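The values are calculated or read from the model by the stated rules, or taken from the named source; none is laboratory data. Small disclaimer: the values here were computed from a predicted structure and weren't measured. Note that each Cβ is placed from the backbone with ideal geometry, even for glycine, and that neighbours are counted across all protein chains shown.
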Amino acid sequence: MMKNRLTSTRLFALLAIISTITAVTMAQVQPARAQLNVDITQGFVEPLPIAVSDFYGATPEEQLIGHDVAEVIAADLERSGLFRPIDKGAFIQDPAALRNVPRFGDWRVINAQALVSGSAELQADGRLRVEFRLWDVFGEGQLTAFAYTVPPSIWRRVAHIIADNVYKRLTGEEGYFDSRIVYIAESGPQNRRQKRLAIMDQDGFNHQFLTDGSNLVLTPRFSPSLQEITYLAYVNRVPRVYLLNLNTGQQEVLGDFPGMTFAPRFSPDGNTVVMSLAQQGNTEIYTMDLRTRQVTRLTRHPAIDTSPSYSPDSRQVVFNSDRGGSQQLYVMNADGSGVQRISFNKGRYATPVWSPRGDLIAFTRMSGGTFYIGVMRPDGSGERMLAEGFLVEGPTWAPNGRVLSFYRQMPADARGKQVTKLFTIDLTGFNEREVATPIDGSDPAWSPLIQ
Amino acid sequence: MRNGTIFSILFHAVVIAALAVGLPTFVSPLPPITNVPVELVTLAELEAATEKQPDPEPEPVAKEEAPEPEPEKEETPPPPDPKPAPAPEPEPTPEPEPEPEPEPEPEPEPEPEPEPEPEPTPEPEPEPEPEPEPEPEPEPTPEPEEEAKPIAPKPRPKPKIKLAEQETPKEEKPEEPPADALTSILRNVEKLKKQPAQKAQTATAPKVAEQTRPKQQVSRIAQEGIARAIRQQIQRCWRLDPGAQQAEDLVVEIRITLRRDGTLVSAEVVNLTRMFGDAYFRSAAENARRAIQACSPYKLPVSEYEVWRVINLKFDPREMFGT
């Protein structure tokens, strides 16, 4: 009691002192003269030149790791479209010299605005310790620094984590490099296409197949908790929504409904799956609580309502419906009330996905024989088409909501062969990249950041 | 009690000293580093330690060949495969380490909360280091290439797919004024062809907005000339990130002080509080400051030095974003 009072008195005194000092300082700083005010309203859009030095290693083995880590970081940053890693050949200061404070002048000369340095060390216990520092070349200071101790086998992950840190420190936004993509790997002729569930790191490495292709699988979706994937599988020609636990390999049917279930998607907390269910010729949207298995119907309309996706705050669901004549996007409250149409453009809209940062909804649009991947704000404004093609579909958001992945099918060649590839594109629409996969790929689903 | 008092006195002394004297500049060559043991765990460990999975039974055996228990009875090896799949997995281990974010420590790294605590910011402290740019030499502005290019909405990587169709013009969008405006820097493949006119317009009208104090002796015209010169120089160095969240709201004010030779003495972000509370604002502010630093030295008429010795710069991306 007594103590508390004393503490608060002291605190008050401290505050008083601070505010006095602050006031005095401010008064001194305030310049007496009139100031020239200049508005800067124009800039340019170009990737930030950044130098990623090989990480220092004392032994050849460590040097190799240090080199590889730097390569992965630079590749991540480059693919984001926001950074332009500078050719290492231009570097003046070498990794060993960089262990101390950089000679910033050496880096300014080559136009680097930021510099990443670090070291890799294999410890006696067999683990790998990777340190990195991010430097502001013009400000001549350290922006951030971390060290990680890991089993050497996961060095790529460490590199992705470092790239995320650099990205976050320089853009103010979360990164997305330490994440994975699950997708449908396709092979075989068009009429007997084999489809397998596959997973890989966001940059295409550490690729592996999750199913053997004996059953048709579609629409994989990551749980926000990362451990689980839902997808649609046709077993004995019956499509059902399955849940696959990546840790245990366990798989289960998500409820056995009388009709067909499809288009499953997790709620942001991972506890609910929202999906559509076709019964007696009518398709409606339902949710299922994964813990209680309780099923709730959200839509009641004779039209087809499908492709639901939650907003990140779980308060709303976007879906598509042909209730207005053509297939358009609608937003409703999570309990099914307050349905509002948000898309009004020509053509048909499908597969809406709410961005994890909440500000946009991505979708597929078909109009005039062309497919588009587009985005719009949740109220329907600001609609833009980011990518287009003969067939582009299945947008999925990177965990930070800055980048989308989707797939693109090229028109069949003379022999009827069709190629389907995964791509990423950022929100500016200017940075489209192919994601290399061992065989054809479709229906990507981006994981959240690995926790 | 007594300890508390002593501690409190010491703490106050430190805080007051910090406030009065300025934040300590650390002498050690390298700022401290945050150590993050990323204990990535093998699958086995992970399962042992994991209980957070909703699934009742971890079923260590089953996973060996249970990937698809019933939809597909095949002996699919992939998913269960212990090594690869789990490897990238998160570490549910109770350790506090997983992501690097947690303890920022030395730098104001992850968005520092508005603590009054002094932090050894590597940022441009006005006093401690009088000149961030020790070399006043007229180093050519670091980005020669930039100067060549038009300032505005220059898309970077070439849009590979843009030509796909010509039908676009016909497509009338009922309501999308914002989209149109945004297309200058945010691409809309459907509208590409219409761009040029708009672009040009955006690029040409820099819009003068500097206020001058009437009492200044220098004529308004001279001031405007100087403002224009500064604006032109800085705009060549200001790199924008159009995809940033609410990029159009990130207006940054920075007060700069220049030497007679046009080199930079200091560049202070006016809204310091927001620097510490808002990571987006901080990177926007730092980005603007980098532009200022990269552009130094400034070429301005020495005869009017008193006019441009201290300048308030307002970086306002709204026009470029069309809002």
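Things worth noting here:
- Residue identified as more than 7 Å from every other protein chain (Cβ to nearest Cβ), of a type in the set (Val, Ile, Thr) and in contact with a Ser or Thr (Cβ under 6 Å, 6 or more places away or on another chain) among A:Ile184, A:Ile229, A:Ile199: A:Ile184
- Within the stretch A:365-399, the set of residues being within 12 Å of A:Asn345 (Cα to Cα), assigned to a strand (DSSP E or B) and polar (S, T, N, Q) comprises just one member, A:Ser367.
- Residue within the stretch B:263-284 that is within 12 Å of chain A (Cβ to nearest Cβ), in a loop (DSSP other than H, G, I, E, B) and touching a residue at least 60 places away in the same chain (Cβ under 8 Å) present: yes
- Among the residues of the stretch A:182-199, not a single one is of a type in the set (D, E, K, R), at pLDDT below 95 and assigned by TED's automatic domain parsing to the domain that holds A:Thr59.
- Filter pass, A:Arg377 being free of Cβ contacts under 8 Å to residues at least 24 places away in the same chain and surrounded by fewer than 21 Cβ atoms within 10 Å (Cβ to Cβ): yes
- All positions within the stretch A:146-168 that are under 14 Å from A:Phe132 (Cβ atoms), surrounded by fewer than 24 Cβ atoms within 10 Å (Cβ to Cβ) and facing chain B (nearest Cβ under 7 Å): A:Ala147, A:Thr149, A:Val150, A:Arg157
- For the stretch B:287-322, a residue qualifies if it is facing another protein chain (nearest Cβ under 10 Å), of a type in the set (S, T, N, Q) and farther than 25 Å from A:Arg108 by Cβ, and exactly one does: B:Asn312.
- The stretch A:47-72 residues that are assigned to a strand (DSSP E or B), paired with ones that are surrounded by fewer than 17 Cβ atoms within 10 Å (Cβ to Cβ) and of a type in the set (A, V, I, L, M) (beta carbon under 6 Å, 6 or more apart): A:Tyr56/A:Ala96
- Search result, residues across the stretch A:405-436 that are under 18 Å from the mean Cα position of the chain (by Cα), more than 11 Å from every other protein chain (Cβ to nearest Cβ) and buried (at least 19 other Cβ atoms within 10 Å of the Cβ): A:Ser405, A:Phe406, A:Tyr407, A:Leu422, A:Thr424, A:Val435
- Residues that are farther than 10 Å from B:Glu190 by Cα and at the interface with chain B (Cβ under 7 Å from one of its Cβ atoms) within the stretch A:371-390 comprise A:Ser381, A:Gly382, A:Glu383, A:Gly389, listed in sequence order.
- Flag if A:Val150 is without any contact (Cβ under 8 Å) to a residue 24 or more places away in the chain and not assigned by TED's automatic domain parsing to the domain that holds A:Ile199: yes
- Options A:Gly204, A:Gly175: the member that is closer than 30 Å to A:Val52 by Cβ, touching a Phe, Trp or Tyr at 6+ places or on another chain (Cβ under 6 Å) and more than 10 Å from chain B (Cβ to nearest Cβ): A:Gly175
- Residues that are touching a Leu at 6+ places or on another chain (Cβ under 6 Å) and at pLDDT 90 or above within the stretch B:310-323 comprise just one, B:Ile311.
- Those residues of the stretch B:296-318 which are surrounded by fewer than 21 Cβ atoms within 10 Å (Cβ to Cβ), part of a helix (DSSP H, G or I) and of a type outside the set (Gly, Ala, Ser), in sequence order: B:Val302, B:Glu304, B:Tyr305, B:Glu306, B:Arg318
- Matching residues in the stretch B:263-295 - criterion: being closer than 25 Å to B:Ala222 by Cβ and touching a Phe, Trp or Tyr at 6+ places or on another chain (Cβ under 9 Å): B:Thr263, B:Leu264, B:Ala291, B:Ile292, B:Cys295
- Taking the conditions (1) part of a helix (DSSP H, G or I); (2) out of contact with any strand residue (DSSP E or B) (no Cβ under 8 Å at 6 or more places or on another chain) in turn, A:His160 satisfies each one other than (2).
- Of the listed requirements (1) at positive phi; (2) away from chain B (no Cβ under 14 Å), A:Gly368 misses just one: (2).
- Close pairs from the stretch A:102-113: first among the β-branched types (Val, Ile, Thr), partner assigned to a helix (DSSP H, G or I), Cβ under 9 Å, at least 6 apart: A:Val109/A:Ala90; A:Ile110/A:Ala90
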